[in-house]
Amino acid sequence: MADELSESQQKQAYEAIRAGIIHAAYRPGVRLPMKRLTEELDLGRTPIREALVRLTQEGLVYSVPHSGTYVSPIDLHAAESARYVRKNLETAVAVECCSRGGDEVLASLGEVLERQRVAATSRDAQAFYTCDGCFYRRLFEAVGKEEVWLWVDGFSVSLDRVRWLSMLTEKFDWDAVVAQHAAVRDAIEARDVNEVCRLETQYLNGLLAFLDVVRERFPEYFAE
């Protein structure tokens, strides 16, 4: 029981700090003192220390001897690699949904889209971002590839950091993203493989479209 509790707390700490980095609550170059993290997360030092080790391995934080742990800048090479991987895997999964996606899958996607429309209307960035990921997770789940999605999600952290910042710029088109997801859902319902491929390619190619705008607006988030 103690081991299960420790593992649960370590996961909680990891997910909370990771989300804080992605959503810019912890900015690049900011020191993450243990005291601050234990107070903010209401967790002990051990699970937080273990979480920081994992985040260090993933490149999200780095340690300076005799100084502390700091948030890493965004790795643009990793972001582009993640976009490339997602383009290929998500397109393949969406195409597979054309033959395997039934009414239940379409209804599930529709439910996510409705929540994302509401988030877009209210400009709720957190809810919108969550729905964005949930839409694609539902596609992977529909074809029995949940573990693949978990790997993709973990691999995409640098890309996710750029996407989050892009949502905070004036160039981000909330309604266009919802419309694009709705079109993917409709193409799956129509079992139009060519249209699914076109839409997925268009969307995933555009994930870094506003990179110059993001870098100009948030230069401190990127390495020199």
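Here is how the numbers come out for the structure above:
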item: Cross-chain or 6+ apart pairs with Cβ under 7 Å, the range 185-200 first and on the phi > 0 side of the Ramachandran plot, then part of a helix (DSSP H, G or I) and buried (at least 16 other Cβ atoms within 10 Å of the Cβ); result: 191/98
item: Complete set of residues in the range 23-38 that are surrounded by 15 or more Cβ atoms within 10 Å (Cβ to Cβ) and in contact with a Phe, Trp or Tyr (Cβ under 6 Å, 6 or more places away or on another chain); result: 23, 28
item: Condition met for residue 220 (open to solvent by 20 Å² or more (accessible area, probe 1.4 Å) and either free of Cβ contacts under 8 Å to residues at least 12 places away in the same chain or of a type in the set (Ser, Thr, Tyr) (or both)); result: no
item: Tally, over the range 14-59, of residues that are part of a helix (DSSP H, G or I), of a type in the set (A, V, I, L, M, F, W, C) and touching a Lys or Arg at 6+ places or on another chain (Cβ under 9 Å); result: 6
item: Answer residue from the range 130-147, given it is touching a residue at least 12 places away in the same chain (Cβ under 8 Å) and more than 22 Å from residue 162 (Cβ to Cβ) and is least open to solvent (accessible area, probe 1.4 Å) among those; result: 143
item: Tally of residues being outside any helix (DSSP H, G or I), open to solvent by 30 Å² or more (accessible area, probe 1.4 Å) and at pLDDT 95 or above across the range 65-117; result: 2
item: Filter result for the condition that a residue is among the charged types (D, E, K, R), within 20 Å of residue 74 (Cα to Cα) and in a helix (DSSP H, G or I), over 175, 160; result: 160
item: Whichever residue in the range 119-129 is of a type outside the set (A, V, I, L, M) and buried (at least 16 other Cβ atoms within 10 Å of the Cβ) and, among such residues, is farthest from residue 177 (Cα to Cα); result: 124
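The values are calculated or read from the model by the stated rules, or taken from the named source; none is laboratory data. Since we're looking at a predicted model, the values are computed, not measured. All Cβ positions, even for glycine, are placed from backbone atoms using ideal geometry, and neighbour counts span all protein chains on display. With ligands, DNA and RNA removed, areas are computed over all heavy atoms of the protein, side chains included. Shrake-Rupley method; radii C 1.70, N 1.55, O 1.52, S 1.80 Å.
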